[in-house]
Amino acid sequence: MEPVYDTVIAAARTLWWAEGLRFNISGVENVPDTGAGVVAFNHTGYLDFTYAGIPAFLKGRKVRFMAKKEVFDNTYTGPIMRALRHIPVDRANGAQSYHDAVDLLKQGELVGVYPEATISRSFELKDFKTGAARMALETDAPLIPTVIWGAQRVWTKGHPKKLGRSNYKILVGVAEPITPDGDPETLIKQLHESMSAKLLELQDAY
């Protein structure tokens, strides 16, 4: 039991209900029941991470997300992020956040990573950084390709946020886990291909 995390999830679900958001979640069976996993997900909006954790939640698990350090420095959000055991990322010095993520993976946790590292203005996949692949290779944790479509309509960079009742549909799809093997560049290419295929699938379904 994690009282803070459970309370945050309950609050998020209440907010989604108030917004009228309609979720279609697929591929939940691809989230491991136990053990470590690098949950790699695309970045189209500021609330992606709240939706990306739903498949794991449906399996009774929680994701420890990597998020920019500024969120942890905030008076209000900082204590919550630390209580949820999320991982602060200092873009000027990423070594510590990488080390912290690896430690959690070795403890059997699911760690959420944005391979693009920033919001895609086009909402298509940008080039991936190799951090997710290196974590997977170092800990022998599978990569779990997770794609979200529709979140950009709620709140994204350069557009007004729409947190009122919108009745938007949001799709979250999890592709088959990728066993870490080979070198980081090859593995990250495989991840990009998997997520690209899943993104096209969700866009067609939308």
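The values are calculated or read from the model by the stated rules, or taken from the named source; none is laboratory data. Not measured: the values here are computed from a predicted model. For neighbour counting, all protein chains shown are included, and Cβ atoms are generated from backbone atoms with ideal geometry for every residue, glycine included. Calculation scope for accessible area: heavy atoms of the full protein, side chains included, ligands and nucleic acids excluded. Shrake-Rupley method; radii C 1.70, N 1.55, O 1.52, S 1.80 Å.
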**Report entry** Answer residue from the stretch 29-74, given it is among the β-branched types (Val, Ile, Thr) and under 19 Å from residue 11 (Cα atoms) and is surrounded by the fewest Cβ atoms within 10 Å (Cβ to Cβ) among those
**Finding:** 71
Requested in this report: Please state which of the following conditions residue 34 fails to meet, knowing it meets all the rest: (1) closer than 22 Å to residue 162 by Cα; (2) out of contact with any helix residue (DSSP H, G or I) (no Cβ under 9 Å at 6 or more places or on another chain); (3) not in a helix (DSSP H, G or I).
Outcome: (1)
Requested in this report: Kindly provide the set of residues from the stretch 103-147 that are of a type in the set (Asp, Glu) and part of a loop (DSSP other than H, G, I, E, B), ordered by number.
Outcome: 109, 116, 124, 127, 140
Query - Residues that are farther than 24 Å from residue 31 by Cβ and either touching a residue at least 12 places away in the same chain (Cβ under 8 Å) or touching a helix residue (DSSP H, G or I) at 6+ places or on another chain (Cβ under 7 Å) (or both), drawn from the stretch 128-160 - result: 153, 155, 156, 157, 158
Query raised in the report: Is the stretch 6-15 home to any residue that is part of a helix (DSSP H, G or I), under 18 Å from the mean Cα position of the chain (by Cα) and among the charged types (D, E, K, R)?
Result: yes
Query raised in the report: Is it fair to say residue 163 is in a strand (DSSP E or B), touching a residue at least 40 places away in the same chain (Cβ under 8 Å) and closer than 17 Å to residue 22 by Cβ?
Result: no
**Report entry** Sole residue being among the aliphatic types (A, V, I, L, M) and open to solvent by 60 Å² or more (accessible area, probe 1.4 Å), chosen from 171, 187, 163, 191
**Finding:** 163
Query - Selected residue [over 20 Å from residue 125 (Cβ atoms), among the aromatic types (Phe, Trp, Tyr) and modelled with pLDDT under 95] from 49, 23, 72 - result: 72
**Report entry** Matching residues, the stretch 166-200, being of a type in the set (Gly, Ala, Ser) and closer than 18 Å to residue 20 by Cα
**Finding:** 166
Query raised in the report: Which pairs have Cβ atoms under 6 Å, sit 6 or more apart or on different chains, and link a residue in the stretch 5-34 that is under 27 Å from residue 201 (Cα atoms) and in contact (Cβ under 8 Å) with a residue 40 or more places away in the chain to one that is among the charged types (D, E, K, R) and loosely packed, with under 13 Cβ neighbours inside 10 Å?
Result: 19/165; 20/165
Report task. Exactly one condition in (1) under 22 Å from residue 188 (Cβ atoms); (2) more than 16 Å from the chain's Cα centre (by Cα) is not met by residue 65; state its number. Result -> (2)
Query raised in the report: Are any residues in the stretch 10-27 open to solvent by 30 Å² or more (accessible area, probe 1.4 Å) and not charged (D, E, K, R), and if so, which ones?
Result: 10, 11, 14, 15, 16, 17, 18, 23, 24, 25, 26
Requested in this report: Working only within the stretch 75-113, note down all residues that are of a type in the set (Val, Ile, Thr) and either surrounded by 13 or more Cβ atoms within 10 Å (Cβ to Cβ) or under 24 Å from residue 146 (Cα atoms) (or both).
Outcome: 77, 80, 87, 89, 102, 111, 113
Query raised in the report: When the residues of the stretch 127-156 are filtered to those that are among the acidic types (Asp, Glu) and farther than 26 Å from residue 203 by Cβ, which remaining residue is surrounded by the fewest Cβ atoms within 10 Å (Cβ to Cβ)?
Result: 140
